[in-house]
């Protein structure tokens, strides 16, 4: 019996998981393309008191999100998981920067309209903070930025668009995957980052930490 148990343990293959510390369905959908098992375990995002720098803000909030998810994950699975199941926790936070102002998700249709009209015929920065905690508790951080340019939009267009309610679920009041893409004239940088999920950077970090993204490891 003991010999059979040892043999089963030896034969057990290492399993990998990405634990998404964000409740965003869009981010989950994008991560599913990496061919790795996923879990969703939202972390806590709070205002960062005293942080005025946008890069510092999104980075701090991403780390906060991933760290709080790690606590929950450890409570659920134990702080010393077996080598067979290796979980990589991913925290993300996205904001828009325009003319020195920090823009997040609108709290009302009126606010969404104000934001969209402000972005009309202008270029803004979409900034995403990324924090990845690997199974050995090593933290990898970065901030990715994409420049997005809106065409000139009319107030009547925005009023019509707001009936879709799409604006209420996205930073800046629009989504490149949705109806809001009609406002976009051009983009410079990572397209996926403009959606709040910079897959090229994330996949490179995960693969470098030994997670077989698209079936391939770092070797």
Taking a ≥ b ≥ c as the square roots of the eigenvalues of the Cα gyration tensor, with a/c under 1.5 meaning rounded and otherwise prolate when a/b exceeds b/c and oblate if not, the chain is prolate
How far is it, in nm, from the label point at residue 169 to the one at residue 187 when both lie 7 Å from their Cα along the line to the Cβ? 1.8
Using Cβ counts within 10 Å as a stand-in for footprinting exposure, how do 17, 84 rank, fewest first? 84, 17
Once the Cα atoms of helix 54-77 and of the chain are each reduced to a long axis, what angle between those two axes, in degrees from 0 to 90 to the nearest 10, is obtained? 40
By DSSP, what percent of the beta bridges with both residues in segment 2-208 are antiparallel, rounded to the nearest 5? 75
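No value in this document is a laboratory result; all are computed from the given coordinates. A quick note: this is a predicted structure, and the numbers were derived from the prediction, not measured. Note: ideal-geometry Cβ built from the backbone for every residue, glycine included; neighbour counts use all protein chains shown.
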